[in-house]
């Protein structure tokens with residue numbers, strides 16, 4: 001087979017929550033073999049990109065181009081923001097916005113300029129027929145604008161984040177809960193002024209943020225360029241792809257250039273192949289708990305969750321629990337006291353990492369509830385397999401997810417009072433609720449049927465190819 005003559009370039013951040021959709025679609029492009037696949041991002045995902053052809057089962061490799069600059073994670077660490085944990089409500093949401101602002105401000109003008117120039121050079125060398133860009137990779141969008149390169153925005157999130165600012169009658173102010181607020185949908189009248197105030201605060205953060213100046217070199221300030229003011233990635237001339245169907249979000253008026261692909265997930269081998277031992281253990285109805293790659297629990301919260309699990313299993317002794325927990329539970333006396341006997345009995349399996357894809361665990365059909373932190377990937381995975389969800393929100397968009405699952409009737413917020421902490425009684429009540437509620441089960445099953453109509457990565461591939469051939 002002759003090598004492809006056209007290039008496609010994926011420009012993305014390196015955090016898994018952002019780049020998973022790009023990896024899934026890039027694998028689809030590799031499988032088809034019509035384009036040479038190029039990936040531009042920060043260092044941390046170089047090895048994943050180089051291994052894409054193995055997952056896609058093809059000889060052609062994706063070419064990786066490193067953007068020499070701190071990643072979003074690096075910026076968060078450098079600015080001492082750490083994790084974005086904050087409470088819901090007006091004060092908590094403002095704290096969340098401030099943390100994001102601080103992280104972005106720590107991106108020094110000389111570093112941003114270096115990343116921008118690297119993106120220009122990559123665009124010039126690759127000469128892509130189409131660029132697929134991550135909506136929060138501002139430097140990538142900036143470079144595409146400067147070179148008048150056509151691009152597609154590949155969103156890893158539900159429709160709200162794509163179109164909320166473009167809703168008629170200024171509905172962003174009074175109808176839709178602002179990200180991080182944890183307000184219900186639609187926003188109750190008593191909270192509308194609070195919602196408006198938070199919109200104003202976000203606008204101020206985006207429009208007036210300024211990068212920390214560079215250090216002087218030989219008494220001179222280096223020439224710089226900054227990401228401020230931050231731009232909105234939605235543009236009417238660019239194709240906008242989202243993993244969410246309209247039925248998976250609050251009601252919106254959706255422009256014609258926003259295409260719902262359905263969950264955009266990576267293809268994975270069945271669990272019986274990728275981890276037969278885990279598959280053998282997973283023979284009874286199981287609660288899966290996985291709070292995302294960034295979440296690290298304190299001793300107190302780990303013990304609260306353990307107490308909640310023990311309470312649930314005392315009422316459902318036939319149920320298993322698979323818990324991905326990044327915490328040294330082996331050496332915690334309090335934790336062992338609560339869950340030790342259940343771990344020894346084989347009812348609870350605690351692991352620091354689930355090696356196979358979470359989707360291969362969900363696809364077994366034995367998961368009866370998925371407990372997650374409200375990240376978009378976890379939300380779409382649960383919808384794809386029709387599993388009731390318990391959301392334990394921690395920051396910004398995860399609060400939206402908790403509101404969304406309750407409004408859609410496919411799950412519950414498991415820490416409404418305690419967030420961003422977790423309290424055992426509230427957590428166990430939420431789990432018991434989803435295990436026994438027929439309405440939640442049937443609405444989750446209907447979501448599975450909806451998501452089964454398409455394969456998101458395939459739809460995204462086809463839409464990009466069509467958009468590419470339009471000009």
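Listed values, structure above:
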| read-out | value |
| --- | --- |
| Test: residue in the stretch 211-231 that is under 23 Å from residue 467 (Cβ atoms) and either buried (at least 18 other Cβ atoms within 10 Å of the Cβ) or in contact with a helix residue (DSSP H, G or I) (Cβ under 7 Å, 6 or more places away or on another chain) (or both) | yes |
| Exclusive hit being within 18 Å of residue 465 (Cα to Cα), touching a residue at least 60 places away in the same chain (Cβ under 8 Å) and crowded, with 22+ Cβ neighbours inside 10 Å, set 39, 35 | 35 |
| Considering residues of the stretch 126-139 that are more than 19 Å from the chain's Cα centre (by Cα) and part of a helix (DSSP H, G or I) only, the residue nearest to residue 15 (Cα to Cα) | 139 |
| Of all residues making up the stretch 116-138, the number that are crowded, with 24+ Cβ neighbours inside 10 Å and closer than 17 Å to residue 225 by Cβ | 2 |
| Close pairs from the stretch 61-76: first over 17 Å from residue 109 (Cβ atoms), partner at pLDDT below 90 and assigned to a loop (DSSP other than H, G, I, E, B), Cβ under 8 Å, at least 6 apart | 76/82; 76/83; 76/84 |
| From the options 90, 49, 81, residue that is surrounded by 16 or more Cβ atoms within 10 Å (Cβ to Cβ) and in contact with a strand residue (DSSP E or B) (Cβ under 7 Å, 6 or more places away or on another chain) | 49 |
| When residues of the stretch 309-336 are limited to those that are crowded, with 22+ Cβ neighbours inside 10 Å and under 26 Å from the mean Cα position of the chain (by Cα), the one nearest to residue 367 (Cα to Cα) | 321 |
| Of the criteria (1) without any contact (Cβ under 8 Å) to a residue 40 or more places away in the chain; (2) surrounded by fewer than 17 Cβ atoms within 10 Å (Cβ to Cβ), which one residue 374 fails | (2) |
| Candidates 456, 386, 421, 411, filtered to the one that is surrounded by 23 or more Cβ atoms within 10 Å (Cβ to Cβ) and touching a residue at least 60 places away in the same chain (Cβ under 8 Å) | 456 |
| Count - residues of the stretch 144-167 that are closer than 15 Å to residue 20 by Cβ and assigned to a loop (DSSP other than H, G, I, E, B) | 4 |
| Among the residues listed as 264, 259, 287, the single one being surrounded by 21 or more Cβ atoms within 10 Å (Cβ to Cβ) and not in a loop (DSSP other than H, G, I, E, B) | 287 |
| Hits in the stretch 267-281 (condition: part of a loop (DSSP other than H, G, I, E, B) and either in contact with a strand residue (DSSP E or B) (Cβ under 7 Å, 6 or more places away or on another chain) or exposed (fewer than 15 other Cβ atoms within 10 Å of the Cβ) (or both)) | 269, 270 |
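For every residue, the table says whether it meets (1) surrounded by 16 or more Cβ atoms within 10 Å (Cβ to Cβ); (2) part of a helix (DSSP H, G or I).
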{"site": "340", "(1), (2)": "yes, yes"}
{"site": "343", "(1), (2)": "yes, yes"}
{"site": "350", "(1), (2)": "yes, no"}
{"site": "353", "(1), (2)": "no, no"}
{"site": "356", "(1), (2)": "yes, no"}
{"site": "359", "(1), (2)": "yes, yes"}
{"site": "365", "(1), (2)": "no, no"}
{"site": "369", "(1), (2)": "yes, no"}
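Listed here are the residues, each with its yes/no results for (1) assigned by TED's automatic domain parsing to the domain that holds residue 415; (2) part of a helix (DSSP H, G or I); (3) farther than 22 Å from residue 405 by Cβ; (4) at pLDDT 95 or above.
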{"site": "182", "(1), (2), (3), (4)": "no, no, no, yes"}
{"site": "193", "(1), (2), (3), (4)": "no, yes, yes, yes"}
{"site": "201", "(1), (2), (3), (4)": "no, yes, yes, no"}
{"site": "211", "(1), (2), (3), (4)": "no, no, yes, no"}
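The values are calculated or read from the model by the stated rules, or taken from the named source; none is laboratory data. Given the structure is predicted, the values throughout are model-derived calculations rather than measurements. With ideal geometry, Cβ positions are generated from the backbone for all residues, glycine too; neighbour counts draw on all protein chains shown.
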